[in-house]
Ligand code: PRP
Ligand code: URA
């Protein structure tokens, strides 16, 4: 069973509370999402393998540590996953970024693929898939399927708000993928929106409604 980590840090919860409010502006929403990405990124990366290497300080030679072989690639699910990339890139400036474009069909709620561009050596990398919303889980599962078809073996999923239905679907379909969320909400409504959620994340990040 895939592990679920709920990042209950007070700073994350404080910022998420403001993001949920319907009167929060696009500008504030985007800024808060970036700040949460930074805070969650610290937790999401805390067990990355490190390797020792020799350095010389102004005083003497010593051993330091660096992130090991499997370099990190961030893969946002377009559009809303982009909102988490800037914060993560501040933590991991050397990360490569792949993109997977999926949108949810309004009637069926099933993901429709429209774009995919990944680094050539993606199969050698640890991949962090980002998407603020894990609702039915269809988009996340399809994105992870696609990455596994390209040979990826080390995949993590980072979301802001999740519904139990979406978590269950990812856990059942991809038991090897660790899931990190800031909140596990109550349920989905009849339009497959998360309740209480925060509305349409893409529209709120990009001001399209
Ligand atoms: C939203 C969200 C996820 C997906 C979650 O994207 O950003 O990708 O829905 O729903 P699911 O778990 O039921 O698949 P949306 O389809 O609205 O596209 P957008 O990011 O382009 O607005
Ligand atoms: N996509 C969103 O942006 N919000 C939801 O609540 C569900 C899917």
Order of 29, 5 - criterion: other Cβ atoms within 10 Å of each residue's Cβ, fewest first: 5, 29
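Would you mind ranking 36, 92, 155 so that the residue whose beta carbon has the fewest other beta carbons within 10 Å leads the list?
Ordered from fewest to most neighbouring Cβ atoms within 10 Å, 36, 92, 155 come out as 92, 155, 36.
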Degrees separating the helix 138-149 axis from the principal Cα axis of the chain, which is the longest one: 40
Value of D in µm² per second that Stokes-Einstein yields for the chain, Kirkwood Rh from Cα pairs, at 20 °C (1.002 mPa s): 122
Over region 154-209: Kirkwood hydrodynamic radius from C-alpha pairwise inverse distances, Å: 12.3
Residue 114/residue 62 FRET efficiency (R0 45 Å; Cβ-Cβ; nearest 0.05): 0.35
Cα-Cα P(r), region 145-184, percent of pairs per 10 Å interval: 28, 55, 17, 0
Value at 222 nm in deg cm²/dmol, rounded to 500, when DSSP H runs of n ≥ 4 in the chain each add -39,500 (n - 2.57): -9500 deg cm²/dmol
Extension reserve of the residue 50-residue 86 stretch, reckoned as 0.36 nm per residue once the Cα distance is removed: 10.6 nm
Förster radius 22 Å - calculated FRET efficiency between residue 8 and residue 193 (Cβ-Cβ, nearest 0.05): 0.40
Counting DSSP beta bridges with both ends in region 9-154, the antiparallel % (nearest 5): 55
Förster-model FRET efficiency, 30 Å R0, residue 124 and residue 27, C-beta, rounded to 0.05: 0.20
Residue exposure sequence - 84, 48, 33 - by fewest surrounding Cβ within 10 Å: 48, 33, 84
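Quick note: the coordinates plus some simple rules give every number you see, no bench work behind them. For clarity, every value in this text was computed on a predicted model and none was experimentally measured. Note that we place each Cβ from the backbone using ideal geometry, even for glycine, and neighbour counts take in every protein chain shown.
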